[in-house]
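S.K.: Have a look at this one.
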Amino acid sequence: MRLGVQLRPEHCELGDLRAAWRAADAAGLDSIWTWDHFIPHHGPLDGAHYECWSLLAAMAVETGNAAIGPLVTCTAYRNPHLLADMARTVDLLSGGRLVLGLGAGWYEREHRAYGYPFPPGAERAAAFERAVSAVRERLGLLVPPASGLRLLIGGAGPRTLDAVARHADLWNWYGWSHPDPVTEFTRLSRDLDTRCAAAGRDPAAIERTVMIDVEQVHLAAEFEAAGVEHLIVSVAAPYDLKPLLE
């Protein structure tokens, strides 16, 4: 099982965040992620916070080993063709290490704060599928192309899992939010297998990833036994990586 870290870009100094991703890369972690939000999710809403893709461009040139990516980027926040071009450029800067994590978006407060509409869930899901298709289309047209860039889709709703089965190379589920995350992951993973069969895809072609909080690291062996191939631990500033490395 591969091990990664999500560095929350909130309530921190940029220098500390940069030091953390360099340390994670030097420590041999398999992946380093950030999130795509505009305001903090923990603590004061007016605290320090930094934008996803600006950080990823810097991360691309300051690391050299780990995969990097957004977990996940909201397709409603950027034209999907522009998003594909941004991802391609960051992928090239990283030497082909970017994983493009995609999601439909859910945080109404930041949609409203930045002037984005927040339609009902069914409309957001339909727009997400259109965006994923547009991203794939644009990636096939760009010169020079991305070098083997993979798509990750995050989420667990029925329409999201259908999109995973049709489009994704990796699937991520957020295990920190469930009282029995290993059991729930197992149920969702089996559901995804069924949807892959209906879509004519081999379920083994989709890498299973789960994001957890530091307090859940003790569940790592159970997640691995349940079929998780890549475990990602979400870490807040001041970015203590010791629980991941012990």
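S.K.: Pick from Leu14, Leu102, Leu161 the residue whose mean-square fluctuation is largest in a GNM of the chain, springs joining Cα atoms under 10 Å.
M.R.: Leu14
S.K.: Could you compute Rg(Cα) / (2.2 N^0.38 Å) for region 115-246, with N its residue count?
M.R.: Normalised by 2.2 N^0.38 Å, the Cα Rg of region 115-246 equals 1.17.
S.K.: So how far apart, in nm, are the two label points at Asp46 and Ala27 if each is 7 Å from Cα heading toward Cβ?
M.R.: The two pseudo-label positions are separated by 3.4 nm.
S.K.: Mind ranking 234-245, 136-147, 56-67 by how tightly packed they are, going by the mean number of other C-beta atoms within 10 angstrom, highest first?
M.R.: 56-67, 234-245, 136-147
S.K.: Related question: For region 10-116, which whole-number percentage of the solvent-accessible area (1.4 Å probe, protein heavy atoms only) is attributable to carbon and sulfur atoms? List each step's numbers first, then the result.
M.R.: Working: 2250 of 4230 Å².
About 53 percent, which is the carbon plus sulfur part of the accessible surface.
S.K.: Ok, one more. At 1.4 Å probe size, with every protein chain present, just tell me what the per residue accessible area of region 137-186 comes to in Å².
M.R.: I get 45 Å² per residue for region 137-186.
S.K.: How much length is gained if the chain between Glu224 and Ala57 is pulled fully straight, taking 0.36 nm per residue apart and subtracting their Cα-Cα distance, in nm to one decimal?
M.R.: Once the chain is fully extended between Glu224 and Ala57, it gains 57.0 nm.
S.K.: For region 47-97, what does the accessible surface come to per residue with a 1.4 Å probe? Please give it in Å².
M.R.: 33
S.K.: Another question about this same structure. Using 0.36 nm per residue of separation minus the Cα-Cα distance, give me the extension gain between Leu141 and Asn65 in nm, one decimal. Each step should come with its number before you reach the end.
M.R.: Numbers: separation 76, 0.36 × 76 = 27.36 nm, distance 2.72 nm.
Separation in residues times 0.36 nm, less the Cα-Cα distance, equals 24.6 nm.
S.K.: I would also like to ask the following. When the chain is modelled as a GNM with alpha-carbon springs shorter than 10 Å, which of Ala104, Ala204, Ala76 fluctuates the most?
M.R.: Of the options given, Ala204 has the highest mean-square fluctuation.
S.K.: In region 1-34, whose amide N lies under 18 Å from the spot 7 Å out along Cα-to-Cβ of Asp213? List them in ranges.
M.R.: 5-11
S.K.: What residues of region 57-97 lie in the reach of a label at Trp106, counting those whose backbone N is under 16 Å from a point 7 Å from the Cα along Cα→Cβ?
M.R.: Output list for this probe position: 71-76.
S.K.: Simple spin-label model, 7 Å along Cα-to-Cβ: Asp191 to Ile39 in nm?
M.R.: 2.9
S.K.: Next up: Which residue, Pro120, Pro203, Pro40, tops the fluctuation ranking in a GNM of the chain built on C-alpha contacts under 10 Å?
M.R.: For the chain, modelled as a Gaussian network with Cα springs under 10 Å, the answer is Pro120.
The values are calculated or read from the model by the stated rules, or taken from the named source; none is laboratory data. Nothing here was measured: the structure is a model prediction, and the numbers come from that model. Virtual Cβ from ideal backbone geometry, glycine too; neighbours counted across all protein chains shown. Keep in mind that these areas ignore ligands, DNA and RNA; they rest on the heavy atoms of the full protein, side chains included. Shrake-Rupley method; radii C 1.70, N 1.55, O 1.52, S 1.80 Å.
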